[in-house]
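Below: one structure, written as structure tokens.
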Amino acid sequence: MSDTQDTQETQDTQETQETQNSKRPTPDPAEKNAFFPSQYSLSQNTSAKTDFDGTEHKGEYTEGRWKVLVIATEERYLEMGNGTLFSTGNHPVETALPLKHLLDAGFGVDVATLGGNPVKFEWWAMADDDDAVVETMNALEDKFHHPLNLTELQPTLGADSDYLGVFIPGGHGALNGLPSSTVVRDTLDWALDNERFVVTLCHGPAALLASGVGRDESRFKGYEVAVFPDSLDKGPNKDAGYVPGEMPFLFGEELKKQGLTLVNDDMAGTVHRDGLLLSGDSPLAAHSLGKLAADAFIEAVNK
């Protein structure tokens, strides 16, 4: 073997090792056996900018009454099937862009978590060079740090409530507690009973599973919804080290068991409306879902 061949093989081996290392989930020093996504997966799945190109209903709603209620996660760690902890939360892009459209249109925003504890975010997915995302996250920072207590708020919701809809952002953190919560179930009931919107994307639709808690049938049975595909969490996300193990459950499969129809099987920025249920498949859908939500909210108040 020539020296040149030997040198090339050494370089190839080093590059292979570096790639393998970069696909290993990154330890979270704040918690034992907890992990952030691998550096490789972040390079493939996050971006400093989004496709945001402006809002279409700026200042159109001026009456000041109607707001959207954000149901966010207060849990940081999601236990995976292998016992590791995924350091997660709500995805900042998926949270900020839909709210940017509603805020610009003139609607208010309230934020709630199940216990009133601060919202947890996947800050490693923050689009730091995107003004729309940064400005929205900054504008709502105090609400994220000091959210309402949904458990206390829910019993006060009625036909005269000032919320035109609820918004459940994505991020794997949406799988923590929300799908099994009777409080979320009752909040969704309120929305359906009072013809209010339910807006959600990516892993956020997992919260719709709460509608089936303690019942023979989900009230969302028969609805169509866009979601983050289970196939990506089972395969590419795990293989690339985005998640540190197999998922604790596959929420898409569970939604289908409850009688919902998933309108997508890939991640392509799909958004969908089925009555008052507005949904999107991923961060790629955040901007389009914001447009869809703003259109729907403006249409509703102008009736």
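In summary, helices (runs of 4 or more DSSP H) completely within segment 88-147 and bearing 1 or more residues that are free of Cβ contacts under 8 Å to residues at least 24 places away in the same chain occur at 131-139, 141-145. Selection within segment 90-127: residues that are small (Gly, Ala, Ser) and crowded, with 20+ Cβ neighbours inside 10 Å. The member of this set that is nearest to Thr46 (Cα to Cα) is Ala125. I'd like to check something: does segment 271-284 contain any residue that is touching a residue at least 40 places away in the same chain (Cβ under 8 Å), assigned to a loop (DSSP other than H, G, I, E, B), among the β-branched types (Val, Ile, Thr) and buried (at least 18 other Cβ atoms within 10 Å of the Cβ)? No, the conditions are met nowhere in segment 271-284. Scanning segment 31-67 for residues being of a type in the set (A, V, I, L, M, F, W, C) and out of contact with any Ser or Thr (no Cβ under 8 Å at 6 or more places or on another chain) gives a total of 4. Residues in segment 172-180 include at least one that is open to solvent by 30 Å² or more (accessible area, probe 1.4 Å), of a type in the set (Ser, Thr, Tyr) and within 18 Å of the chain's Cα centre (by Cα). Can you confirm whether segment 225-240 contains a residue that is touching a residue at least 60 places away in the same chain (Cβ under 8 Å), open to solvent by 10 Å² or more (accessible area, probe 1.4 Å), of a type outside the set (Lys, Arg) and in a loop (DSSP other than H, G, I, E, B)? Yes, segment 225-240 contains a residue that is touching a residue at least 60 places away in the same chain (Cβ under 8 Å), open to solvent by 10 Å² or more (accessible area, probe 1.4 Å), of a type outside the set (Lys, Arg) and in a loop (DSSP other than H, G, I, E, B).
The values are calculated or read from the model by the stated rules, or taken from the named source; none is laboratory data. Note that the structure is predicted; figures quoted are calculated from it, not measured. Cβ sites come from the backbone with ideal geometry, for glycine too, and all protein chains shown count toward neighbours. Ligands, DNA and RNA are stripped out before the accessible areas are found, and what is left, the full protein with its side chains, is counted by its heavy atoms. Shrake-Rupley method; radii C 1.70, N 1.55, O 1.52, S 1.80 Å.
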